[in-house]
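Input: a single structure, listed below in structure tokens.
The values are calculated or read from the model by the stated rules, or taken from the named source; none is laboratory data. It should be emphasised that the depicted structure is a prediction, and the values quoted were computed from it without experimental measurement. Counting neighbours? That spans all protein chains shown, and the Cβs are built from the backbone with ideal geometry, glycine included. When the accessible area is computed, the model is the full protein with side chains, heavy atoms only, and any ligands, DNA or RNA have been set aside. Shrake-Rupley method; radii C 1.70, N 1.55, O 1.52, S 1.80 Å.
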Amino acid sequence: MRLETERLILRLWREEDLEPFAAMSRDEEVMRWLGGVLTRERARAYIERAHDAFARLGMCRFAIERREDGAFIGACGLMPSFEELPVPPFIDMGWRLSREAWGCGYATEAARAVLHDGFTRLDLPEIDAITAAVNLRSRAVMERLGMAYDAELSGFPGPGHAKDDPMRRTVLYRAFRP
């Protein structure tokens, strides 16, 4: 399974992705919005969950490879939402990119391919994305994709955030099959 864009290949994970993914997942700035840094073991578990989700559901967070040089630069894809969220269950689109890949439009490009795949191959009627309200970069990606901010379902506390944490307030964006 592969999704290809002009500059990217989104694909299932390979063993050689573990080290660059683990390194990226130890970067505090990369992981700032994603619940904190991961150990190598937790990075491996993330990859194993992706393989399991794809086998069971046909969806996962794919590895992102840059076409021009084959470099691993991150992950993007679909997963069912966390059950403990205080909103109805949804299919969650998410991404994470290495810091070196920021500001190049890769998140939007990868997410656009994932949306298309979700609406065509998976025939999903709706795909949503959540982030901390203060995460303006991810919100900008959601808006560039044409996703609509849902004020009614936004504002719930993000999992694992203390009451005084500025990242506690979460926003939800939605996209519907054309």
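Would you please name the residue that is least open to solvent (accessible area, probe 1.4 Å), looking only at residues in the range 31-59 that are in contact (Cβ under 8 Å) with a residue 40 or more places away in the chain and at positive phi?
Looking at the filtered set, the residue picked out is Gly58.
Return the total of residues in the range 2-30 being touching a residue at least 60 places away in the same chain (Cβ under 8 Å) and not in a helix (DSSP H, G or I).
The total comes to 10.
Can you pull out the residues in the range 82-103 that are open to solvent by 20 Å² or more (accessible area, probe 1.4 Å), in a strand (DSSP E or B) and under 19 Å from Ala23 (Cα atoms)?
Result: Trp95, Arg96.
Enumerate the pairs (first residue in the range 163-178 and open to solvent by 90 Å² or more (accessible area, probe 1.4 Å); second residue anywhere and among the charged types (D, E, K, R) and in a strand (DSSP E or B)) with beta-carbon separation below 6 Å, excluding pairs fewer than 6 apart on the same chain, so at least 6 apart or on different chains.
Going by the 6 Å Cβ cut-off, the qualifying pairs are Phe176/Glu126.
Would you check which residues across the range 67-81 are open to solvent by less than 50 Å² (accessible area, probe 1.4 Å) and modelled with pLDDT of 95 or more and list them? Working first, answer last.
In the first step, residues of the range 67-81 are kept if they are open to solvent by less than 50 Å² (accessible area, probe 1.4 Å); the result is 70-79, 81.
Those that are open to solvent by less than 50 Å² (accessible area, probe 1.4 Å) and modelled with pLDDT of 95 or more: Gly70, Ala71, Phe72, Ile73, Gly74, Ala75, Cys76, Gly77, Leu78, Met79.
I need a count of the residues in the range 18-30 that are within 18 Å of Ala107 (Cα to Cα) and of a type in the set (D, E, K, R). Lay out the reasoning, then the answer.
So the first thing to find is which residues in the range 18-30 are within 18 Å of Ala107 (Cα to Cα), and the list is 20-21, 24-25, 27, 29-30.
From what is left, the residues that are of a type in the set (D, E, K, R) are 27, 29.
Count: 2.
Which of the residues that make up the range 113-145 are of a type outside the set (Gly, Ala, Ser), assigned to a helix (DSSP H, G or I) and surrounded by fewer than 18 Cβ atoms within 10 Å (Cβ to Cβ)? Spell out the reasoning first.
Our first condition is that a residue be of a type outside the set (Gly, Ala, Ser); within the range 113-145, this holds for 114-117, 119-128, 130-131, 134-137, 139, 141-145.
From the residues that got through so far, the ones that are assigned to a helix (DSSP H, G or I) too are 114-117, 119-120, 136-137, 139, 141-144.
Passing the criteria: His116, Phe119, Thr120, Leu136, Arg137, Glu143, Arg144.
For the range 31-69, give me each residue that is in a loop (DSSP other than H, G, I, E, B) and touching an Asp or Glu at 6+ places or on another chain (Cβ under 7 Å). Give the derivation first.
Of the residues in the range 31-69, the ones in a loop (DSSP other than H, G, I, E, B) are 31-39, 58-60, 67-69.
Result: Val37, single match.
Glu109 passes all but one of (1) touching an Asp or Glu at 6+ places or on another chain (Cβ under 9 Å); (2) more than 19 Å from Met24 (Cβ to Cβ); (3) assigned to a helix (DSSP H, G or I); which number fails?
(2)
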